[in-house]
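Visitor: This is the structure, below, for whatever I ask next.
The values are calculated or read from the model by the stated rules, or taken from the named source; none is laboratory data. No experiment lies behind these values; they were computed from the predicted model shown. Here the Cβ positions follow ideal geometry from the backbone for every residue, glycine too, while neighbour counts run over all protein chains shown. Please note that ligands, DNA and RNA were not included when accessible areas were found on the heavy atoms of the full protein model with its side chains. Shrake-Rupley method; radii C 1.70, N 1.55, O 1.52, S 1.80 Å.
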Amino acid sequence: SISSPDASASLIVRPRSTLRGRIDDDDDDDADVDDEDAEIEAQLAAYGGLADAEAGATGATATSTGNAVGGAAGDCAPVRQRSVFWTRLRYYVPVLSWLPRYSVRANLEGDVVAGMTVACLLIPQALSYAQAPVKIPPVYGLYTCFVPLIVYSMLGTSRQLGVGPEALVSILVGAAISEKSGMKGGGSGVGEDGGDADPADAMAENIAIANFLGLLVGVFTLLLGVFRLGFLDSVLSRALLRGFVTAVAVVVMIDLSPSLLGIKESVDAAWATRRAERSVDASGQEELSPIEKLLVLIENLGATHALTAVVSFTSIGFLASMRWLKAQFPTARALQLVPEILALVALSTLLCGVFRWDELGLDILRDVKGGLIAPRLPAVTASKVRYYLLSAVLISVIGFVESIAVAKTYATKYNYSMSPNRELVAIGAANVFGSVFGGWPAFGSLGRSAVNDASGARTQVAGFVTGVIILVTIVALLPLFYFLPKAVCSAIIVVAATKLIELHDVVFILKLRAWNDLGLLLLTFLSTLLVSIEVGTLISVGTSLLLVVQHTTKTRIAILGRTYVVDPASGNVK
């Protein structure tokens, strides 16, 4: 506070935090910050003019006082600049804002318990996502968890959002890898030159594709947040999105059925033979459609491995029963906190190790190599960007639609502010750093966020605790999963995929007789199921953009009323 010689005039240079109660987290954030800067500058300028006027009126004494005030105002400039920088830094790095006010007594216990509970759910999920749909070493599923969790805990604004590998995103990443492998003959074990493909080289390329998608999705999501494009979550119509997601769920069930029945080798060989018969050129092979894969699967049902099938369907039944019980008793907190996936993984691993089911033909993870990898930026080329850009755009849009929806839900529930644009920046940065450490795209999950909330998460520290536990697992605990049956991993993914099928949307469309929306839903569903996920992706994004263009260019005319005019020459009413 700087007082003038006249007690009636004074300048109070207030910190930004007192100019407004808090920065509103909406699309006008930067405008609000600029308004505060202008307010401070206006106060300083106004006070400078006041001091000059008083100096002219009161002579030498006022002049000396004015000089003192001018010097004080000059001293305020560096302080104001530091205040502006610090406030902007706290805005873009929220941990600097909430961590100094963190209450250990009120929040630490709930955050630690929630972090441990989510880790028990996330670790087996991550291993399963890596092994089944993405088809890379299981440890990379954990790499996709720990770095994004730690980065998001520092940059994110949602206190309950559970970040990590998500079912639909993992399926789309796996589809991109399978398509590239199919084009190069990797799916059939045939190299580009017609010889046998080296499995190590094929796996290294799959890992590189997953990491590159993580980088590309992270950069795209980050740019969406930087350019304040959080409103783009409304570009994809719900009908198109529902048709695409439902078809993807069906596709992943078809792809994982051989693992569930213990006939993966025979079915993969049959698929490879069918692809070879339909070879389109010397450099690649045409990928089978999901329906064709289903027909090949039916032809090989006679080779089903009994023990694998029993383990698979028992696992599916257990997980489905637990989900039904939790839905029936939503207020039973103890039941809601039961980590059924961890229990299934632990029990199946123990039984397999004791009774040596692997010697009876049950496929297991075997040597699960742990440890951290050296940080390395994925190789970026123009051809790779062009090839994977469409998949990255769809993954980014689908991922942040769910993430922001979950973040808004808990922000409303607990009455704190969140910004979609800052969420995009946080998730984008988390994926960029995650790709450097071996991860594929990670986003918020509704299921994990619900568990996080029910377990007592109060702040972003819960996510940080989960990340630390997963880091410990990577370094020391992975050998414990040696006897984990792959059929159990596939069962976990299939149950997660069933959650993507929401028939109530179709029923709602039928009740409204919204035939246009039903047509769009069937368009993406059938194109994805009958052709491929890539074609469904192209149709979903292309049709959505066309609908947006149609909506924005359509002329809107509203008749508010009719006015009668009397022609003064003829007297006729017009």
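Visitor: Taking θ = phi - 60°, what integer Hz values does the Karplus form 6.51 cos²θ - 1.76 cosθ + 1.60 yield along the stretch 474-483, in sequence order, with x for Gly and Pro?
Guide: Residue by residue, the stretch 474-483 yields 4, 7, 10, 9, 4, x, 5, 9, 4, 8 Hz.
Visitor: Could you please tell me the mean projected area of the C-alpha convex hull for the stretch 317-412, averaged over all directions and given in square nanometres to one decimal?
Guide: 12.0
Visitor: Give LYS293/LYS499; LYS180/LYS264; LYS180/LYS486; LYS180/LYS408; LYS369/LYS486 a once-over and call out the pairs whose C-alpha atoms are over 27 Å from each other. Mind dumping the intermediate values first?
Guide: Values: LYS293/LYS499 22 Å; LYS180/LYS264 20 Å; LYS180/LYS486 24 Å; LYS180/LYS408 36 Å; LYS369/LYS486 16 Å.
Violating the 27 Å limit, Cα to Cα: LYS180/LYS408.
Visitor: With Cβ to Cβ distances under 14 Å as the rule, what net charge do the other residues near GLU265 carry (K, R +1; D, E -1)?
Guide: Net of charged neighbours comes to 0.
Visitor: Right, here's the next one. Can you tell me the alpha carbon radius of gyration of the stretch 357-404 divided by the globular rule-of-thumb value 2.2 N^0.38 Å? Numbers along the way, then the final one.
Guide: Numbers: Rg = 18.7 Å, N = 48, 2.2 N^0.38 = 9.6 Å.
For the stretch 357-404, the normalised Cα radius of gyration is 1.95.
Visitor: Right, here's the next one. Diagonalise the Cα gyration tensor of the stretch 450-574 and give the resulting equivalent ellipsoid semi-axes, square root of 5 times each eigenvalue, largest first, whole Å.
Guide: Three semi-axes, in Å: 57, 24, 15.
Visitor: Once you put a point 7 Å from the Cα of LEU446 and another 7 Å from the Cα of TYR92, both along the Cβ direction, what distance in nm separates them?
Guide: In this crude label model, LEU446 to TYR92 measures out at 3.4 nm.
Visitor: I've got another one for you. For the pair THR273 and PHE313, how long in nm is the line joining their label points, each one 7 Å along Cα→Cβ?
Guide: So the two model labels end up 2.6 nm from each other.
Visitor: Give the shape of the stretch 381-437 as rounded, prolate or oblate, defined through the alpha-carbon gyration tensor: a ≥ b ≥ c are the square roots of its eigenvalues, a/c under 1.5 means rounded, and otherwise the shape is prolate if a/b is larger than b/c and oblate if not.
Guide: Note, shape of the stretch 381-437 comes out prolate.
Visitor: Moving on. How large is the accessible surface of ILE539 in square angstrom, using a 1.4 angstrom probe and rounding to the nearest 10?
Guide: Probe radius 1.4 Å; accessible area of ILE539 about 40 Å².
Visitor: Select from the stretch 344-389 those trypsin sites (Lys or Arg not before Pro) which occupy a DSSP coil region and have at most 13 other Cβ atoms within 10 Å, ordered by residue number.
Guide: On the way: sites: ARG356, ARG366, LYS369, ARG376, LYS384, ARG386; in loops: ARG356, ARG366, LYS369, ARG376.
Of the trypsin sites (Lys or Arg not before Pro), the ones in loops of the stretch 344-389 whose Cβ has at most 13 other Cβ atoms within 10 Å are ARG356, ARG366, LYS369, ARG376.
Visitor: Which percent of the accessible area of the stretch 447-574 is formed by carbon and sulfur heavy atoms (probe 1.4 angstrom)?
Guide: 69
Visitor: With the cut-off at 1.5 for a/c, could you classify the stretch 371-489 from its C-alpha gyration tensor as rounded, prolate or oblate?
Guide: oblate
Visitor: So, one more: Karplus couplings for the stretch 421-435 from phi (6.51 cos²θ - 1.76 cosθ + 1.60, θ = phi - 60°), rounded to Hz, Gly and Pro as x?
Guide: These are the phi-based 3J(HN,Hα) values: 5, 5, 5, 4, 4, 5, 5, x, 5, 4, 6, 4, 5, x, 5 Hz.
Visitor: Among THR412, THR466, what's the order by accessible area (1.4 angstrom probe), most exposed first?
Guide: Putting THR412, THR466 in descending order of accessible area: THR412, THR466.
Visitor: Eigenvalues of the Cα gyration tensor times 5, then square-rooted: what semi-axes does that give for the stretch 498-559, in whole angstrom, largest first?
Guide: On the way: eigenvalues 127, 68, 15 Å².
Equivalent ellipsoid of the stretch 498-559: 25, 18, 9 Å, largest first.
Visitor: Moving on to the next point. Within 12 Å, Cβ to Cβ, of PHE525, how many net charges do the neighbouring residues add up to if Lys/Arg are +1 and Asp/Glu are -1?
Guide: On the way: positive: ARG242; negative: ASP505.
Overall, the nearby charge balance is 0.
Visitor: Can you tally the net charge around ARG242? Count Lys and Arg as +1, Asp and Glu as -1, for every other residue whose Cβ sits under 11 Å from the Cβ of ARG242.
Guide: Result for the local shell: -2.
Visitor: Let me ask you something else. Check PHE443: other-chain or 5+ apart residues with amide H under 5 Å from its amide H, H built from backbone geometry?
Guide: GLY164, GLU166
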